[in-house]
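See below for the structure under consideration.
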Amino acid sequence: MLKCKINDKEIEVPEGTKLIEAFKLADQDIAHYCYHSALSVAGCCRLCMVDIEGNPRPQIACNTMVSEGMSATNQSDSIKETVKWGLDFHLINHPLDCPVCDQAGECELQNQYMKFGSGYDSEMAEKKVKKNKVVDLGKEVVLDSERCVLCSRCVRFTSEITRTNELGIFNRGDRSEVGTFKGKPLNNNYSVNTVDICPVGALTSKDFRFNQRVWYLKNKKSICTGCSTGCNVKAYFNEDGYFRFKPVVNQEINGYWMCDEGRKVYKSTNKENRLMGYELQYGDACSKEEAFKVAQDLISSAVTTALVVTGQQSNEEYESIISYFKETLNSEQIYHWHTTPGKEDEFDGLLMRGDKNPNTKGLQKILSEKGLGKDVSELSSVDTLVVVGPENMTHVKDLKAQLEKFIQSQNVIWLGSALVEELKEMAHVKLQMPLRTYLEKTGTFTNHAGQDQKVTVVKTVNKQALALTDWVQLMQNQEVQQDQGVKFPKVKTNFFMDDRGTV
């Protein structure tokens, strides 16, 4: 460890630490745009200027390594003045788009100018260089060149992380712009990470663009269940549902990133894609009490009862329902439905895995411990079959063909959160019962590497839905105390709308 002094605060840092990281470790604010911990050093914004004791000239902290006994500060008058001028240069050609910019409320230009700036000169807006305002970079990302501060983070991301090299900086001087190379749109599987690392509102996500103002959203940490990697995320939501996922740094699992496919998992948890109530054969609605009576009658009258499970529920739920079938119903006909068969070992080398089930490892471990674990292809006709369906149906290919292969039983009880229209056409499906999504319950998921990750209730979208543990308790006539999600105060808001969204 190296001892150093940051703004007169003594700290110890590991050898090889950049000075800008030492400022962060010392909990000291330092202006910067171009620096990112996961990318190479560009040193182009020139905002992280510091005075280092014994050095005659100011230095940029992002490209300076900490040495033993180093003393650095960004609190001198000369450094403060330098940073203010640097920010002014960034603003000379930057549009005052805050009222209509998607990044407003989480923009580093706004935040840092409030901390380090000197005041906006309205005359600059009249002299600014005009650039392209809406540039379609690819299927997920839109660029506003006037808002770009040329930090080059996005360019370095496509060069160093995805190694797809779609982006570059073209032209010279104040005419420089980020863009894609001819015939090479920004369509890699991680493109929206460029939006996350953009410090201003230059890059925006088409999926989230103009959907919500960030100050109308709450957020809570969870995981992505789009595949068996289990990326750590923040889920952004309000009383209307979920609106986006963004990655949370976890160096052991996903680093700083997540894939574009995983960002859309939130859609499967919203009302429009959910089974919101209890339904009898052919989609006829019924009450919760009627549904449980039907379920209990079907199971109690059956000579043979079987269970089909996917790798999308929590370990606690597997333990509960598998124990119920084995110990209470004396059934060992428990089958694993691989919704992405034959793809479990596929991997793109970064984060995306062929196994689109977040808890295959957890399920396999519990089945193995109980001496169970047949593949769904081994299922033959039984009197009553309980199927725990997948939450996210987007990755399930040829669903109808898969269902017809194993829904051959006389009576099928379907437990799932997803709205599956195909089930209404199947005469054997006697009952559909809504389950909670992973964002509505507490539990543990085990990723491809065997790492256990805990999830807690983020927000309850469907109050009628149950976790599998609750379902088992109610089947055994036990009382259930359900967790409730985030409660929202009723707030009246006054705001204008333009043709692009909330302003």
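The values are calculated or read from the model by the stated rules, or taken from the named source; none is laboratory data. This is a predicted model, so every value here is computed, not measured. Backbone-built Cβ (ideal geometry, glycine too); neighbour counts: all protein chains shown.
Restricting to the range 3-15, what's the tally of residues that are of a type outside the set (S, T, N, Q), closer than 15 Å to residue 61 by Cβ and surrounded by fewer than 19 Cβ atoms within 10 Å (Cβ to Cβ)?
3
Tell me which residues, restricted to the range 27-54, are under 23 Å from residue 248 (Cβ atoms) and without any contact (Cβ under 8 Å) to a residue 24 or more places away in the chain.
Correct list: 27 only.
Report whether or not residue 399 is surrounded by fewer than 19 Cβ atoms within 10 Å (Cβ to Cβ) and without any contact (Cβ under 8 Å) to a residue 24 or more places away in the chain.
yes
If we only count helices (runs of 4 or more DSSP H) wholly inside the range 96-171, which ones have 3 or more residues that are modelled with pLDDT under 90?
108-116, 124-127
Having 3 or more residues that are touching a residue at least 24 places away in the same chain (Cβ under 8 Å) and under 23 Å from residue 443 (Cα atoms) is the bar; report the strands (runs of 3 or more DSSP E) wholly within the range 206-299 that clear it.
It comes to 218-223, 232-238, 241-247.
Output the number of residues of the range 192-237 satisfying the condition of being polar (S, T, N, Q) and over 20 Å from residue 107 (Cβ atoms).
So the answer is 5.
Yes/no per residue for (1) in the same structural domain as residue 426 (by TED's automatic domain parsing); (2) assigned to a loop (DSSP other than H, G, I, E, B); (3) within 21 Å of residue 232 (Cβ to Cβ); (4) of a type in the set (Lys, Arg):
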site: 341; (1), (2), (3), (4): yes, yes, no, no
site: 344; (1), (2), (3), (4): yes, yes, no, no
site: 357; (1), (2), (3), (4): yes, yes, yes, no
site: 386; (1), (2), (3), (4): yes, no, no, no
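I need the full set of residues from the range 390-404 which are within 16 Å of residue 424 (Cβ to Cβ) and either assigned to a loop (DSSP other than H, G, I, E, B) or of a type outside the set (Asp, Glu) (or both), in order please.
393, 399, 400, 403
Quick check on my filter: what residues within the range 253-307 are among the aliphatic types (A, V, I, L, M) and under 30 Å from residue 187 (Cβ atoms)?
Of everything in the range 253-307, those that are among the aliphatic types (A, V, I, L, M) and under 30 Å from residue 187 (Cβ atoms) turn out to be 253, 258, 265.
Every residue, every condition in (1) part of a helix (DSSP H, G or I); (2) of a type in the set (A, V, I, L, M, F, W, C), yes or no:
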| position | (1), (2) |
| --- | --- |
| 23 | yes, yes |
| 27 | no, no |
| 32 | no, no |
| 36 | no, no |
| 41 | no, yes |
| 57 | no, no |
| 62 | yes, yes |
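Look at residue 67 and say whether it is touching a residue at least 40 places away in the same chain (Cβ under 8 Å), under 19 Å from residue 151 (Cβ atoms) and surrounded by fewer than 14 Cβ atoms within 10 Å (Cβ to Cβ).
no
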